[in-house]
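Colleague: Okay, handing you the structure first.
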Amino acid sequence: ILGEHLRICPQGYTCCTSEMEENFANKSRNEFEAMMREAGRSVQATLTAQHRSFDSYFQDLLNKSEKALYDAFPSMYGELYTQNAKVFKDLYSELRRYYRSSNINLEEALNEFWTRLLERLFKLLNPQYHITDEYLDCMVKHAEQHKPFGEVPRDLKVKATRAFIAARSYAQGFLVGSDVVRKVSQVSLSHECTRAIMKLMYCPHCRGMSSVKPCNNYCLNVVKGCLANQADLSTEWKYLMDSLIGVADRIDGPYNVDSVIGTIHMRIAEAISNLQENKDSITSKVFQGCGNPKISTKGSSSEDKKRRGKVTLEAKSSAQALEMLVLDAKGNLTALKTYWITLPSSLCSKKVMASSASDDKCWNGMTKGSYLPEVMGDGLANQINNPEVEVDITKPDMTIRQQIMQLKIMTNRLGNANIGNDVDFQDTSDDMSGSGSGDSCPDDVCGKRLSKSPSTRQPETHAIPKQSGHGVHGASSRSLPSASLLLLLSVAVIAALHLWR
């Protein structure tokens, strides 16, 4: 029949009614959006699997270290351990909370552990004295000077914080990447894109050419136009993948989580040994600085506060497992770097099943023949002359711009983790709800959003010398609309008076 009633397909002779064309349009939109979700699910599955593997490995390291402590310390230290078991348990709980991105300060948590342990052990090692809380406060103030645990607290703080910062940033990076893909894959097609996809996929059916495949370059122009906003994720996405690879090298290198996390119990034992072996010297220094405490009426405890001989604690190394994890992750991350800009080609070759570029017997949008227009570049700005999809390059998709911002924030966190600096992990997605282009976030503004709470080690990149200045300028700029409004109102009144006269 004549195709004058068609609104999307070419209006030549056709076998489609208006209703059929509308059904095909809905079908093509649903199928294309399903293709997008399917492609996204594959990436999500890869990132989620990497997160699960590393998370399982890291949690296992912590569990084994804690179990080794619980198994060995009772026989090694007797009352020194049994009366202070909660102190050790609390430490591991804090370490897990930090890794799970709770908003706690890791250095403070470690300092608190050593302080509590010192207070408990000092009283147990000196049961003949009545030691008050005030006396313990004095002792703690002198602890840094006397170094009762030797160099272990300082050394462990440096190594553990770097390892934990890297580990939790690394784990979080996979989750953020997966979440970005999930949200972007759910973005609906525009009206113009729906028409273009219909024309690409089902208009050949309406011309009786159901077996004719779309020309490859034609398909690329349609899909690049439809996924122009998604392609703009590519730069920040690549930065995120590179940042994850960089932190992976740290985790299996300078900040080696296997040698640091897996040996926490050994470092604690080393610290306690140092306190026991230097008990007399340390006690003497404390008495000298804080005075002699009163003799206790209870007398000495009969419990054997022993540590007979040297008990060797071992850490079962899983370095090979870590190396394999990192190698696998780096391979997958490298493969995912170009995901957003190769997506159109992937969809056209695997999903839409377009013909080869040289084929002159393919569907070109109007009939069976060759496709002459050149292929557009990637991203929104390159679609201004797209012959197949009308794209408003002045109106970027806000959901995708928000996800670009999330990628930037996560990359910033990983960059800081790479040099041993910490940032908080508060979800900033709500803060971004009113933002425009992801490219419009100055480093200092992004920095302020990242450092909402005290961090383990304040990142230098987040030190904002002009922060107060920004506030002043902000207040000043907010007052400008009021002044302008008054001026406009004054002009309007004068004009009205003039007209009235």
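Colleague: For Leu117, indicate whether it is within 30 Å of Asp60 (Cβ to Cβ), at pLDDT 90 or above and not basic (Lys, Arg).
Modeller: The answer is yes for Leu117.
Colleague: Now a separate question. Where residues in segment 185-202 are open to solvent by 30 Å² or more (accessible area, probe 1.4 Å) and among the small types (Gly, Ala, Ser), which of them is nearest to the chain's Cα centre (by Cα)?
Modeller: Looking at residues that are open to solvent by 30 Å² or more (accessible area, probe 1.4 Å) and among the small types (Gly, Ala, Ser), I get Ser188.
Colleague: With the requirement that a residue be assigned to a helix (DSSP H, G or I), without any contact (Cβ under 8 Å) to a residue 40 or more places away in the chain and surrounded by fewer than 19 Cβ atoms within 10 Å (Cβ to Cβ), what does segment 93-107 give you?
Modeller: Let us first name the residues in segment 93-107 that are assigned to a helix (DSSP H, G or I), namely 93-99, 106-107.
Checking which are without any contact (Cβ under 8 Å) to a residue 40 or more places away in the chain leaves us with 93-94, 96-97.
Listed by number, the residues that qualify are Ser93, Arg96, Arg97.
Colleague: Return yes or no: is His142 in contact with a helix residue (DSSP H, G or I) (Cβ under 8 Å, 6 or more places away or on another chain) and in contact (Cβ under 8 Å) with a residue 24 or more places away in the chain?
Modeller: Answer is yes for this residue.
Colleague: Quick one: which residue in Ser28, Ser53, Ser18, Ser75 is hydroxyl-bearing (Ser, Thr, Tyr) and within 30 Å of the chain's Cα centre (by Cα)?
Modeller: Ser53
Colleague: Another question, then. What are the residues in segment 401-420 that are modelled with pLDDT of 95 or more, under 9 Å from Ala166 (Cα atoms) and open to solvent by 10 Å² or more (accessible area, probe 1.4 Å), if any?
Modeller: Result: no residue meets the conditions.
Colleague: Mind checking which residues of segment 282-337 are modelled with pLDDT under 85 and either touching a Pro at 6+ places or on another chain (Cβ under 9 Å) or of a type in the set (A, V, I, L, M) (or both)?
Modeller: Listed by number, the residues that qualify are Ser296, Lys298, Gly299, Ser300, Ser301, Glu303, Lys305, Val311, Leu313, Ala315, Ala319.
Colleague: Right, something else. In this structure, is Lys279 basic (Lys, Arg) and surrounded by fewer than 20 Cβ atoms within 10 Å (Cβ to Cβ)?
Modeller: Against the criterion (basic (Lys, Arg) and surrounded by fewer than 20 Cβ atoms within 10 Å (Cβ to Cβ)), Lys279 qualifies.
Colleague: Looking only at segment 380-397, which residues are more than 11 Å from Asn221 (Cα to Cα), open to solvent by less than 70 Å² (accessible area, probe 1.4 Å) and out of contact with any Ser or Thr (no Cβ under 7 Å at 6 or more places or on another chain)?
Modeller: Leu380, Val391, Ile393, Asp397
Colleague: Could you list all residues from segment 369-392 that are free of Cβ contacts under 8 Å to residues at least 60 places away in the same chain and among the aliphatic types (A, V, I, L, M)?
Modeller: Across segment 369-392, the qualifying residues are Leu372, Ala381, Ile384.
The rows are residues; the columns are (1) out of contact with any helix residue (DSSP H, G or I) (no Cβ under 9 Å at 6 or more places or on another chain); (2) closer than 24 Å to Ser188 by Cβ.
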residue	(1), (2)
Arg7	no, yes
Ser18	yes, yes
Arg41	no, yes
Thr46	no, no
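Colleague: Please specify each residue of segment 75-89 satisfying the condition of being at pLDDT 90 or above and out of contact with any Lys or Arg (no Cβ under 7 Å at 6 or more places or on another chain). Can you show your working first?
Modeller: Applying the first criterion (at pLDDT 90 or above) to segment 75-89 yields 85-89.
Selection gives Ala85, Lys86, Phe88, Lys89.
Colleague: Still on this structure, please answer the following. Out of all the residues in segment 120-139, which are touching a residue at least 60 places away in the same chain (Cβ under 8 Å), hydrophobic (A, V, I, L, M, F, W, C) and open to solvent by less than 30 Å² (accessible area, probe 1.4 Å)?
Modeller: Leu121, Phe122, Leu124, Leu125, Ile131, Met139
Colleague: Enumerate the pairs (first residue in segment 67-85 and closer than 17 Å to Arg116 by Cα and open to solvent by 10 Å² or more (accessible area, probe 1.4 Å); second residue anywhere and of a type outside the set (Phe, Trp, Tyr) and in a loop (DSSP other than H, G, I, E, B)) with beta-carbon separation below 7 Å, excluding pairs fewer than 6 apart on the same chain, so at least 6 apart or on different chains.
Modeller: Here the result reads Glu79/Glu303; Glu79/Lys305, each pair linking segment 67-85 to a residue that is of a type outside the set (Phe, Trp, Tyr) and in a loop (DSSP other than H, G, I, E, B).
Colleague: Out of all the residues in segment 203-214, is one or more surrounded by fewer than 24 Cβ atoms within 10 Å (Cβ to Cβ), under 30 Å from Leu2 (Cα atoms), among the β-branched types (Val, Ile, Thr) and in contact (Cβ under 8 Å) with a residue 60 or more places away in the chain?
Modeller: Taking every residue of segment 203-214 in turn, at least one turns out to be surrounded by fewer than 24 Cβ atoms within 10 Å (Cβ to Cβ), under 30 Å from Leu2 (Cα atoms), among the β-branched types (Val, Ile, Thr) and in contact (Cβ under 8 Å) with a residue 60 or more places away in the chain.
Colleague: On to the next question. Which members of segment 170-184 meet the condition of being of a type in the set (Gly, Ala, Ser) and either at pLDDT below 95 or surrounded by fewer than 24 Cβ atoms within 10 Å (Cβ to Cβ) (or both)?
Modeller: Result: Ala171, Ser178.
The values are calculated or read from the model by the stated rules, or taken from the named source; none is laboratory data. All of these numbers come straight from a predicted model, not from anything done at the bench. Here the Cβ is made from the backbone with ideal geometry for all residues, glycine too, and neighbour counts use every protein chain on show. Side chains included, ligands, DNA and RNA excluded: accessible areas come from the protein's heavy atoms. Shrake-Rupley method; radii C 1.70, N 1.55, O 1.52, S 1.80 Å.
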